[in-house]
Amino acid sequence: MTDATMNIGMLARVTGVSADGHRVYFDLRNGKSGWFDQDGDDFSTGDVILLSGEGPGQRADRVDADAWPDDLWVGVVRIKLDDVTVIEASGRHRMVPTRADVAYEVGNTVEAGEVQGVVRVLSNEPIKYIDLPAIDEEVVNRFRTEGSADGQLTFDDFGGLSSVVERARELIELPLQRHEELATIGARAIKGVLFTGPPGTGKTMLARIIAAQADAAFFEISGPEIFSKWYGQSEELLRRIFDAAAKDERAIIFFDEIDSVAAHRDDDAHEASRRVVAQLLTLMDGFDSTSNVVVIAATNRPQDLDVALRRPGRLDWEIQFPLPGVEDRLDILIKTARKLQTLDPLPHKFVAAKTDGWSSAELAAIWTEASLLAVADDRSAIFVEDYLGGFERVERQRERIGNRPAKAGSAA
C-alpha cells in the first residue's frame, strides 16, 4: 500500500442536469440510477464521477473519463447530423455524438459507443438481424419444368372442350412459337391469360400441354407456395422467377389458385398480400417487346381477383373452362382409358350419360377406383364390372361431399 490517499466509492456517469443546474442525475455501472443536489460544483452530462460517503457527508468527485469504459455495440446508422447520429441497435434507436474523424454514412453497419460515437464501419450494407434463407437458383428451379420434360403430353391427351383448347392454342401457343412474326406486324404482345372455371376442369393440365408442345420452360406456382414468413422474401422470389423465365427462349409462368395470391387489396387485406399483388403488377408491366413470356393464371373465383390484374396488358384475356357436356365426357373417358389395360368393349356412353355435372378430374377418378377393384380380384386388366364399380364409388363420394343431393336410400 502506498502513502497516497485511497478513495473508495461507486463510479457513476452523469446522464442529465436540471434546468437550474442544481440537481444532477446519474447512472451506476449496475444499471441503477439516482440523483443528488450539487452545491458549488459544475457537473455536466457525460461526466464520470466517484460517489463516496453517505448521508450529508456524501461526496461526488469528477474523475477521468477512462475510469468508465465505453461499452461498444453494433448497429445500423439511420440518421447522421452534424452534432448527433442516430443508430438502430437491438431493436431500439440510440443517439451518439457525430465524429468527424470516422467516415460513415446512413445505412452502414457500425461499431459504436454512447460516449465515443462511431468507432469504425463494419460493413457498407445494413446488418440483417434475422438470417433469412437464401433465394438462389436452386430454389427457383423447384418451380421450373422444361417443356421437353412433359414432351409426352399432347393435345390428344386432353379430352373434350375442343373450343377451349383451340382458343388457348391461339392465345398462348401461337404467340410463343411465332413471337418474331407478331412483333414484325407490330401486334401488342399477349402477356397474361386467365383460366377460369370449376375445380378439376383441366386448367392446369392444358397449361402443361401448351408448354410441352411449344417447347417452353414451365414455371408452376401454387398460390400458398409463394408466401414466406420473412418480410420481403415473397416479392424477391417472384422477381427471381420472372428473371429466370425472361432468360429462356420462351416460357410460361403458371399461377394456380391465383385468387389466394392476388385477392382484392382493401383495408382488411394482409400487408404481405398487398405487397405481393403490387410486385406481381410491377413484374407484368415490366415485360418488354423482346420478352417471350406468357403468364397464365387459374382460378375458380375470378370475382375475388384484384381489379388491377384485369387491366390491359395484364390478365386481360380470359378463357372459361365449363363442366364437360355429354360428348365431352365421352371423349374424356375414351382418352383417359387409352393408357390403361382394359377388356373391351366398355360402356363409355352409358357412364357419360350418367355423369352430368361431373368434372374431368372426377371422371378420371373412376379409373383409379376401377383399377383398385381389378387388382383386389387378382385381375391384370379392368373389366366392365370394375368400370361400373368405380363409377358407383365416385358417385357415392360426390354425394357425401355435397356435389349433388344424395339419392333416396343411398349410402351416407
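List of remarks:
- Helical contribution to [θ] at 222 nm, DSSP H n ≥ 4, -39,500 (n - 2.57), averaged over the chain, rounded to 500: -8500 deg cm²/dmol
- Lys/Arg +1, Asp/Glu -1 at C-beta; the chain dipole; positive extreme among 397, 302, 21: 397
- Dividing the mean sequence gap of close Cα pairs (under 8 Å, 6+ apart) by how many residues region 137-320 holds gives a relative contact order of 32 percent.
- With both residues required to sit in the chain, DSSP beta bridges show an antiparallel share near 65%.
- In this Cβ point-charge picture (+1 for Lys and Arg, -1 for Asp and Glu), region 72-123 has a dipole of about 140 debye about its Cα centre.
- Kirkwood Rh in Å, taken over region 137-320 so that all alpha-carbon pairs contribute: 16.6
- Each Lys and Arg Cβ is given +1 and each Asp and Glu Cβ -1; about its Cα centre, region 326-400 then shows a dipole of about 140 debye.
- From least to most packed, judged by other beta carbons within 10 angstrom and beginning with the fewest, 261, 115, 77 follow the order 115, 77, 261.
- Think of each Lys and Arg Cβ as +1 and each Asp and Glu Cβ as -1; about the Cα centre, that makes the dipole of region 10-67 roughly 260 debye.
- In terms of its C-alpha gyration tensor, region 326-400 has an oblate overall shape, because the principal axis ratio a/c (a ≥ b ≥ c, square roots of the eigenvalues) is not below 1.5 and a/b does not outweigh b/c.
- In this structure the amide hydrogen of residue 122, modeled in the peptide plane, comes within under 5 Å of the amide hydrogens of 109, 110, 111, none closer than 5 places in sequence on its chain.
- Cα-based shape type of region 10-67, given that a ≥ b ≥ c are square roots of the gyration tensor eigenvalues and the cut on a/c is 1.5: rounded
- Cα gyration tensor shape for the chain, rounded if a/c is under 1.5, else prolate or oblate: prolate
- Spatial separation of Cα centroids for region 327-382 and region 241-258, in angstrom: 34
- Rounded to two decimals, the Cα-based Rg/Rh of region 158-202, with Kirkwood Rh, is 1.06.
- Sequence of 93, 179 once ranked by neighbouring C-beta atoms within 10 Å, starting from the fewest: 93, 179
Values in this text are rule-based calculations from the coordinates and carry no lab data. Just so it is clear, the model here is predicted, and its values are computed rather than measured. Glycine also receives a Cβ, built like all others from the backbone with ideal geometry; neighbour counts cover every protein chain displayed.
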